[in-house]
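See structure below.
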Amino acid sequence: MAHLGTGLAVLLFVAACNLDTLILAMGYGVKGIRLSAGRRLVLSAVTTLVTWLSLILGDIAALVLTARAGARLGGVVLVGIGLWFVLDWLRRAGGGGEPGGGAATLWECVCLAAALAVNNAGVGAAAGVSGLNPHWAALGNFLATLAALALGYRLGAGPAGRLLGKYALPLSGLLLILLGVWEMLG
């Protein structure tokens, strides 16, 4: 049963961390900008490295906290970040805009990956403090990033791209709130 809980927590974590990646790839699909397999690997590796490091930092912070206090603290931070995402979306009245620009060079892919990874860093640290396994979460993030890039490109040209692009921020926020509550109650 514990494995089911860990699996669900990792699934929620990687979903919340990769909605922006999915939306970015949808923007590329809409514009017809392709990312080669090598570029997708670079994006996935860089975002996963930063995410893993933030999970490790959170895991280290958890060493000085009791397991229950760490789970509660991490859960509260995840809920706070999720609420921030939802409130930010509401503040902008849902006008998040469409992702733009392409990643034509390797350097642009690394910079783009770093920007995506910054979004994951705070979430990763909070999830690490709450006890999420950094290795499983990082592996899940790597695979989810690869999948989000491929799926996003395919969805980008259709109506799903416009709809998800508009609601990516609140959906990600709700996933983080759900993960935070899960960790606090766990």
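Only one residue in L83, L43, L65 is open to solvent by 40 Å² or more (accessible area, probe 1.4 Å) and within 18 Å of the chain's Cα centre (by Cα). Which one?
Selected residue: L83, the only one of L83, L43, L65 that is open to solvent by 40 Å² or more (accessible area, probe 1.4 Å) and within 18 Å of the chain's Cα centre (by Cα).
If I ask for residues that are modelled with pLDDT of 90 or more and open to solvent by less than 20 Å² (accessible area, probe 1.4 Å), which ones from segment 141-180 would you list?
Within segment 141-180, N141, T145, A148, L149 meet the criteria.
Filter segment 86-114 down to residues that are small (G, A, S) and at pLDDT 70 or above and give me whichever is least open to solvent (accessible area, probe 1.4 Å).
This residue is A113.
Hey, can you tell me all the residues within segment 46-92 that are among the small types (G, A, S) and over 17 Å from D20 (Cβ atoms)?
Matches in segment 46-92: G58, A61, A62, A67, A69, G70, A71, G74, G75, G80.
I need every pair where a residue in segment 42-60 that is within 13 Å of A115 (Cβ to Cβ) has its Cβ under 8 Å from the Cβ of a residue that is of a type in the set (S, T, Y) and crowded, with 24+ Cβ neighbours inside 10 Å, sequence separation at least 6 or different chains.
Listed by first residue and then by second, the contacts come to L43/T21; L43/T145; T47/T21; T47/T145.
Tell me, yes or no, whether segment 10-32 has at least one residue that is farther than 18 Å from L178 by Cβ, modelled with pLDDT of 85 or more and in contact with a Ser or Thr (Cβ under 6 Å, 6 or more places away or on another chain).
No, every residue in segment 10-32 fails to be farther than 18 Å from L178 by Cβ, modelled with pLDDT of 85 or more and in contact with a Ser or Thr (Cβ under 6 Å, 6 or more places away or on another chain).
The values are calculated or read from the model by the stated rules, or taken from the named source; none is laboratory data. Since the structure is predicted, the reported quantities are computational estimates derived from the model, not experimental observations. Methodologically, a virtual Cβ is constructed for each residue, glycine included, from the backbone with ideal geometry; neighbour enumeration extends over all protein chains shown. Only protein heavy atoms, including side chains, enter the accessible area calculation; ligands, DNA and RNA are left aside. Shrake-Rupley method; radii C 1.70, N 1.55, O 1.52, S 1.80 Å.
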